Structures are given as structure tokens and as C-alpha cells.
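*Asks:* Supplied in C-alpha cells, the structure appears directly below.
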Amino acid sequence: MKSFKSPGRHGYAVEISPFLASTIACATSQYYGIAGCGTLFVLEQREAEVSLVRSFDWNDGLFDVTWSETNEHVLVTGGGDGSLQIWDTANPQGLLQVLKGHTQEVYSVDWSQTRGENQVVSGSWDHTVKVWDPERCQLVSSLQGHEGVIYSTIWSPHIPACFASASGDGTLRVWDVKAGSCRLAVPAHKAEILSCDWCKYDQNVLVTGAVDCSLRVWDLRNVRHPVAQMMGHSYAIRRVKFCPFYKTVLASCSYDFTVRFWDYSKNQPLLETLEHHSEFVCGLDFNLHIPNQVVDCSWDETVKVFTPSCLAAL
């Protein structure tokens, strides 16, 4: 297991570059995101270590990060001041542009993956979702419907102009950007939902992770009941991610300090539990280039890169 230490910076989100297998971005905040500033770390994993390439400071906490799908040097972060920041890692100054529109913390940012689209979606504590054109630095649309804080916004990897959002109001929503409306609202949990993700192999399947400690898998063609429910975490689930290499495998990280791997097609879905952090685990990502490699980040000021044994065995 490789590790990077970020003293005084608590990890909120981590994402591996879609272009470069060894490049990792991590969004962090001072003082657990309650006060102080934030830092974006750009890291490189080598054979035996994870080292710092660049770091960029922002005047408020940074809560999420997403890489551009069109330029290997560009990143977007979401900040506690309600703005999105566009960064260029090839530029020593770093900051390219600031996108203002939200009135409270931006907790989620995601860059669209579908070909021909070049948009960023953001979710905020102001109960709105906003879609941006990062090239023109313009707001495309602002969507309302959630009745609580929005914690997670993720573009569909299959359907153009479609994204999902998860909220403190207990609903999972699917949106159509072209129509400017919510296509589907699923009362997915009787608790705050902190994260959602799309299956990479089936355009109708999503997973949610919530404060009730459960993960639920949903098929959008029939949302009366979840396809699967997975219990095991002892505190809120902070982030969920579908594996890019196996249709029914996913990962979750939690305020219980653990990262867990699941296969929802099995009777006993829990594959493995890893407890290598000493604080909340907030960020999680699979490496698209290196099968079964995972990166996570925690409030314990570390980023860890590892291959869980359960995936190596598949």
C-alpha cells in the first residue's frame, strides 16, 4: 500500500486522471472543512511511493474534484464559498477561472463523459444543481427540485445530457439537461443520501449510499424496490463507486473509517473490509488504467493507493 501525507489538510475527494494512470488529484480542507482554506493536491504514484507534483491553495475548503475529459492538465473543484474553480496543472499559477452561481457550499462536481459533450455538473447545499460550460465559463442551466442539501451529482456514462443527484431529502433524482427537468425522483432512503454512482455496464442501474449505513442498488425501470441492499457499515456511507471492470462489484467508504468492497449479485455481498485509516474516509476512486487499483483519502490527512485482495482474486 502506497501513501501520501498532507499535514493539516483533511481529504474530501480523490480522483485518478482519465488520461494518466499515475496521476491523482485530491481535494482537501483545513480544520475538517469547518473553517480555513483548501488545497488541491496533484500527486504522482511511482513504484514504491506517492509524491507531490503540485499543490494549489484556495481561500475556502475544497470538497470535490473532477478531471477534464478533454484536457489532461485541467481540473475542476467545488468550494465552501459556493464557487467552482478551474485549474491548469501545467500552469504554475494553477487557477484559470472561477465559476460563481451557487449561494452555499459546492459539495459535488463532475465532468461529463459522453462524447461530444463538454459540461460540468455541480451540486450544492443551496438545494440546486447547476450545469456549466467550462470552455466558455458559462452557466448552462440551474435545476431545482431537491428539498435538501445536494451531496452528489454524477453524469450518466451512457445517456447524453443525463445525470443523477443524491440529496439530504432522501431522494435519488435523474435529470434531463436538454429538457431542463427531473425525469425521475426515487425515494431511495429514509435518511440523507451522501453519494450515488452509475453502473458502467448497464444504463439503468445506480447505487446509493446513505446515513442509514446502507447501500442500495436501483434499476430505473422499476424503482419500487431496490435490486439489492447491502448492510455492514456502522456509520454513514460517504461515497460509493461502481467498479469499471466488473458489472456487479462496487466500493464504499464511510465515517466508520473503513472501505468496503461488495458484489451485489451474491447472497453474501460483502467481499472485503479494509480499515487502514484513523478518521472518516471521504474520497474513493477506481483506477481505469490499472485494473483493481483503488485510491482513497481520509480526514486523517492521508491518501492511500492499494489493490484489495478480493479484487485481485477475481
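The values are calculated or read from the model by the stated rules, or taken from the named source; none is laboratory data. Here the structure is a predicted model, which is why all the values come from computation and not from measurement. Counting neighbours? That spans all protein chains shown, and the Cβs are built from the backbone with ideal geometry, glycine included. Just the protein is used for accessible areas: all its heavy atoms, side chains included, with ligands, DNA and RNA removed. Shrake-Rupley method; radii C 1.70, N 1.55, O 1.52, S 1.80 Å.
*Asks:* Filtering region 86-103 down to residues that are in contact with a Gly (Cβ under 9 Å, 6 or more places away or on another chain) and touching a residue at least 40 places away in the same chain (Cβ under 8 Å), which residue is nearest to S68 (Cα to Cα)?
*Replies:* Taking the candidates together, the pick is W87.
*Asks:* Could you please let me know if I34 is buried (at least 20 other Cβ atoms within 10 Å of the Cβ) and β-branched (V, I, T)?
*Replies:* Judged against the criteria, I34 is not a match.
*Asks:* Inspect region 146-166 for any residue being touching a Pro at 6+ places or on another chain (Cβ under 6 Å) and either of a type in the set (A, V, I, L, M) or at negative phi (or both) and give the result as yes or no.
*Replies:* No, because not a single residue in region 146-166 is touching a Pro at 6+ places or on another chain (Cβ under 6 Å) and either of a type in the set (A, V, I, L, M) or at negative phi (or both).
*Asks:* Which one is most open to solvent (accessible area, probe 1.4 Å) among residues in region 187-220 that are farther than 19 Å from R238 by Cα and assigned to a strand (DSSP E or B)?
*Replies:* D219
*Asks:* Of everything in region 40-53 that's farther than 25 Å from Q113 by Cα and either polar (S, T, N, Q) or touching a Leu at 6+ places or on another chain (Cβ under 7 Å) (or both), which residue is surrounded by the fewest Cβ atoms within 10 Å (Cβ to Cβ)?
*Replies:* S51
*Asks:* From the residues in region 273-314 that are over 19 Å from F41 (Cα atoms) and open to solvent by less than 10 Å² (accessible area, probe 1.4 Å), which one is modelled with the lowest pLDDT?
*Replies:* Taking the candidates together, the pick is L311.
Residue-by-condition table, conditions (1) in contact with a strand residue (DSSP E or B) (Cβ under 6 Å, 6 or more places away or on another chain); (2) modelled with pLDDT of 95 or more; (3) part of a loop (DSSP other than H, G, I, E, B); (4) of a type outside the set (A, V, I, L, M):
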position: A21; (1), (2), (3), (4): no, yes, yes, no
position: Y32; (1), (2), (3), (4): yes, no, no, yes
position: E44; (1), (2), (3), (4): yes, yes, no, yes
position: S55; (1), (2), (3), (4): yes, yes, no, yes
position: V65; (1), (2), (3), (4): yes, yes, no, no
position: N71; (1), (2), (3), (4): no, yes, yes, yes
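*Asks:* Another question about this same structure. Of the residues that sit in region 91-123 and are of a type in the set (D, E) and not in a strand (DSSP E or B), which one is modelled with the highest pLDDT?
*Replies:* Step by step, filter region 91-123, then rank; the result is E105.
*Asks:* Given the structure, is D126 open to solvent by less than 20 Å² (accessible area, probe 1.4 Å) and at pLDDT 95 or above?
*Replies:* No: the conditions fail for D126.
*Asks:* Give me the pairs, please: first residue somewhere in region 207-226 and touching a residue at least 40 places away in the same chain (Cβ under 8 Å), second residue anywhere and among the hydroxyl-bearing types (S, T, Y), beta-carbon distance under 6 Å, and either six or more positions apart or on two chains.
*Replies:* G209/S195; G209/S252; L215/S252; V217/Y264
*Asks:* Among the residues of region 191-204, which ones are free of Cβ contacts under 8 Å to residues at least 24 places away in the same chain and within 22 Å of R260 (Cα to Cα)?
*Replies:* A191
*Asks:* Tally the residues that are surrounded by fewer than 19 Cβ atoms within 10 Å (Cβ to Cβ), out of contact with any Ser or Thr (no Cβ under 7 Å at 6 or more places or on another chain) and within 18 Å of N91 (Cβ to Cβ), restricting the search to region 54-77.
*Replies:* Qualifying residue count for the region: 2.
*Asks:* Take region 259-269 and flag every residue that is under 21 Å from the mean Cα position of the chain (by Cα) and open to solvent by 10 Å² or more (accessible area, probe 1.4 Å).
*Replies:* Those that are under 21 Å from the mean Cα position of the chain (by Cα) and open to solvent by 10 Å² or more (accessible area, probe 1.4 Å): R260, D263, Y264.
*Asks:* Another question, then. Is it true that E117 is open to solvent by 60 Å² or more (accessible area, probe 1.4 Å) and either out of contact with any Gly (no Cβ under 8 Å at 6 or more places or on another chain) or charged (D, E, K, R) (or both)?
*Replies:* No; evaluated as a whole, the condition is false for this residue.
*Asks:* Give the residue that is nearest to I154 (Cα to Cα), with candidates limited to residues of region 3-19 that are more than 13 Å from the chain's Cα centre (by Cα) and in a strand (DSSP E or B).
*Replies:* Applying the filter and picking the extreme gives H10.
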